[in-house]
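One structure is given here, and the rest of the page talks about it.
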Ligand code: SF4
């Protein structure tokens, strides 16, 4: 539940404390691991937890059979595999794993998972629909999203790209690929042939999993295109494997080379990272940021709002202030996308609007994240308060995106567990469900032609009127 008095969190100086103990030694398998070993990114990668059996190997008697069975059942239905660096694994609270915000993000347990919303979408943001060539999504006029690989150093339970990231699971078949120079050519050609494009997000997957050679190759190819002005490498790495910034000199130098070349050309090369909990931040994170800051690298953060992870005001304020303190700009907080396997992590839109109110004013505006709903169906990021209509009783919000798809409407649905018993009963009835959606759409007073209305209805029917 969101707290209504954020003043203590806003005034507290706790955000200046960075954990600097040997916290990993509490894990039985790592009790003799030294500071230097733990600080080596190769040791981190080699000892990452990738299988259920490894959870037991690492924790020994510290994990109960009951929890192991719960994780086992969770992995059978989750769309993401597990991969957890020792850094994150040992920051989890193994005395209270069920309620731990880090465990919730990376290690699903069946007892907390809920059935997907009837109108969930595997590709909620229409990244595949708005894709003119493989690996590229072109939605905003001057920006593209480039996805050259599908692997990451950790796999997040809340991943919006669970349909393609991290290899097949028991419930989802996926193709997995690392960055491959030949496969990227079509994307470069598309960008070069579209002079509107100024901004390229290089994501995936995670840029941490690209080799130094790929970092430079992709960065330099894009910088060579005259009209490309801004590159953003997207990586969760600083949050879950800061040791790579500190010890993988080849990778870091490759990034710095692209960054320097960008500066020579008058172009921005930045990093977008992905902290969602202040518990992910330690002295390792601060030292990693010091190295990037010394080279004038701009780092921005995109957090995902998750129930029981960062949905409380004091947690979100601490996250915001802690990141600002180590020179990361809190950029976005996303309302959780309507993707499978995540219903238990979603909040209502009303909670996001309230949380935004509570956080705003705790620090300077440029360090205050913008809370957005990435409108399902490819409407793009919309400020949480900018909906056209919100039926809070039934959890249905309607959105427009005039600069992206001017003739369309987009719908976001709150998770059913947040609704009243009466509303949940209505959602269980197919006819009432459809009526509620139609009523919400028609509540938006738009001066649309008959043709435009038909187009909107057709798309919404195919996307939402066939419950998955
Ligand atoms: S790091 Fe990003 S792309 Fe990779 S699993 Fe997490 S959310 Fe998905």
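The values are calculated or read from the model by the stated rules, or taken from the named source; none is laboratory data. Remember, it's a predicted structure, so these values are computed and weren't measured experimentally. All Cβ positions, even for glycine, are placed from backbone atoms using ideal geometry, and neighbour counts span all protein chains on display.
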Close pairs (6 angstrom Cβ cut-off, 6 or more residues apart or separate chains): within 20 Å of residue 186 (Cβ to Cβ) in region 146-159, in a loop (DSSP other than H, G, I, E, B) and within 8 Å of the ligand (Cβ to nearest atom) anywhere: 147/203; 147/204; 149/204; 149/205; 150/165; 150/205
Qualifying residue in region 69-77 (condition: surrounded by 18 or more Cβ atoms within 10 Å (Cβ to Cβ), touching a residue at least 60 places away in the same chain (Cβ under 8 Å) and closer than 18 Å to residue 238 by Cα): no
Sole exception among (1) closer than 19 Å to residue 342 by Cβ; (2) touching a helix residue (DSSP H, G or I) at 6+ places or on another chain (Cβ under 7 Å); (3) surrounded by 14 or more Cβ atoms within 10 Å (Cβ to Cβ) for residue 115, by number: (3)
Residue match in region 237-253 (condition: within 16 Å of the ligand (Cβ to nearest atom) and part of a loop (DSSP other than H, G, I, E, B)): yes
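So in region 353-369, with the set limited to residues that are part of a loop (DSSP other than H, G, I, E, B) and buried (at least 20 other Cβ atoms within 10 Å of the Cβ), which one is farthest from the chain's Cα centre (by Cα)?
Within region 353-369, the subset part of a loop (DSSP other than H, G, I, E, B) is 360-364, 368-369.
Okay, now just the ones that are also buried (at least 20 other Cβ atoms within 10 Å of the Cβ), so 362, 369.
Numbers: 362: 23, 369: 14 Å.
The qualifying residue farthest from the chain's Cα centre (by Cα) is 362.
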Breaking point among (1) modelled with pLDDT of 95 or more; (2) more than 13 Å from the ligand (Cβ to nearest atom); (3) part of a loop (DSSP other than H, G, I, E, B), for residue 111: (3)
Flag if residue 57 is farther than 21 Å from residue 287 by Cβ, in the same structural domain as residue 86 (by TED's automatic domain parsing) and modelled with pLDDT of 95 or more: yes
Residues (at pLDDT below 75 and in contact with a strand residue (DSSP E or B) (Cβ under 8 Å, 6 or more places away or on another chain)) located in region 437-462: 460
Single residue of region 15-32 satisfying the filter (in contact with a helix residue (DSSP H, G or I) (Cβ under 6 Å, 6 or more places away or on another chain) and in a loop (DSSP other than H, G, I, E, B)) that is farthest from residue 321 (Cα to Cα): 31
Residue within region 53-60 that is part of a loop (DSSP other than H, G, I, E, B) and more than 27 Å from the chain's Cα centre (by Cα) present: no
